[in-house]
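Written below as structure tokens is the structure these notes are about.
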Amino acid sequence: MSAATAEDPIHVLNPEERAGLQRVARGAVLRAVFAGVLNAIATGLVDVYASQRFGPHTALPEWHERAPYWLVFGTGAVVFAVIEVAYLGWDGLRSVTRLSAVAGLQLDREDGEEIALALARAALELPNPPEPVMGVNPHREASRLHLVFASAAYKLKISVTNFIFKQVVAGVLPRIASRYLLAFTAIPINGLWNGLVCWAVLREARIRVMGPSAAVEMLSVVLPDGRAPSPELAAALHRAVASCVVRTRELHPNHIAMLRALRERIGDPAPGLELDRSDLFLRSLPSLSLAERRAVLRVLAVAAILDGRLVRPERRLLAQAYDVAEVPSGLRQVRKLRRAFVSGDVISPEELRAVAS
């Protein structure tokens, strides 16, 4: 995708690319659902066999009497789970590779290896690296307790859902009927969660495919070529992107691409400048001219949507920035911009500038 001029519309995806991405995503989601269903059926059959062979584990009073059941069932469950996870990882990587090909992403260019790694992280559901990059620490404003709870919550989702569903089935069905049906209650749960997670993974991969070129094109609109910015404006622009990173507590690959694109456009930040402090960013806005404040707010809006999300801390940062800059709030337009970017729609320069008018 070639760089845009200040008046060119930003073409994130054309209709043919969008249709191709939907086909890839639909196939991957269906395969993920099928894998979850197969795993649940296989695990349920092992549960039924172990119950018939050793007796229902809930009816065995002593742990040594329950041990044979758990040995057989546990071994089978682990084996089938490993097979399922391995398949989902392999198919996720394959689907993400297809996504990049359909979108026309060239992984052999200069930053291709970095983009490929970002896509692989999305496919394997690996978190973004927490290490500071280009002077930005994504966890500067995050508490360790919050990070621990966020990681643990995801691990509990499927287990809690399965437990609740089993309790519902056990309460509705007769005892004899539910004894064996309970072994298969994981079928819809596994299939549903696999489908949802696969959809989320491919959505994230698509955003990472679009992000680097979108960052360059959007910056070319909100920061058209002209005279070099003042040191105060340059510092505020760099801090705008960094503040979004620390508010989301995650250094998204698209934010790295935007940090790099911003440096290529206006130069590196001054030595010793603290970038990742949103308080300093907000404090610097009143000293800028109105035109400069609008430029900073537009860059802030682009940074806020470029990871495909607009979480509460980012919305709060935007609201604070509009208030401090004494510019009418464009938060509604920022939300529209995010939806257009995630959908791959054409974004006009007027729509981009409208976030700070």
Look through region 275-315, keep the residues that are touching a helix residue (DSSP H, G or I) at 6+ places or on another chain (Cβ under 6 Å) and under 12 Å from HIS238 (Cβ atoms), and return whichever of them is modelled with the lowest pLDDT.
ASP276
Given the criterion of a type in the set (Lys, Arg), over 14 Å from ALA301 (Cα atoms) and touching a residue at least 60 places away in the same chain (Cβ under 8 Å), identify the matching residue among ARG249, ARG265.
ARG249
Scanning region 208-221 residue by residue, those surrounded by fewer than 23 Cβ atoms within 10 Å (Cβ to Cβ) and β-branched (Val, Ile, Thr) turn out to be VAL216
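Could you identify the single residue in ARG227, ARG312 that is surrounded by fewer than 16 Cβ atoms within 10 Å (Cβ to Cβ) and under 21 Å from the mean Cα position of the chain (by Cα)?
Going through ARG227, ARG312 in turn, the sole match is ARG312.
Looking only at region 93-118, count every residue that is charged (D, E, K, R) and at pLDDT 80 or above and tell me the total.
Restricting attention to region 93-118, the residues satisfying the condition of being charged (D, E, K, R) are 94, 98, 108-111, 113-114.
Among the residues that remain, those that are also at pLDDT 80 or above are: 94, 98.
Of the residues in that region, 2 qualify.
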Kindly indicate whether any position in region 312-323 is among the aliphatic types (A, V, I, L, M) and in contact with a strand residue (DSSP E or B) (Cβ under 8 Å, 6 or more places away or on another chain).
no
Wholly inside region 244-357, helices (runs of 4 or more DSSP H) that include 3 or more residues that are more than 22 Å from PRO212 (Cβ to Cβ) are 278-284, 290-305, 312-325, 331-343
Report yes if some residue within region 235-249 is modelled with pLDDT of 90 or more, crowded, with 23+ Cβ neighbours inside 10 Å and farther than 30 Å from ARG206 by Cβ; otherwise report no.
yes
Among the residues of region 36-92, what is the count of those that are over 32 Å from the mean Cα position of the chain (by Cα), at pLDDT 85 or above and of a type in the set (Ser, Thr, Tyr)?
2
Confirm whether ARG316 is of a type in the set (Lys, Arg) and within 12 Å of CYS244 (Cα to Cα).
yes
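The values are calculated or read from the model by the stated rules, or taken from the named source; none is laboratory data. Note that the structure is a prediction, hence the values are computed from the model and not measured. We place every Cβ from the backbone using ideal geometry, glycine too, and count neighbours over all the protein chains shown.
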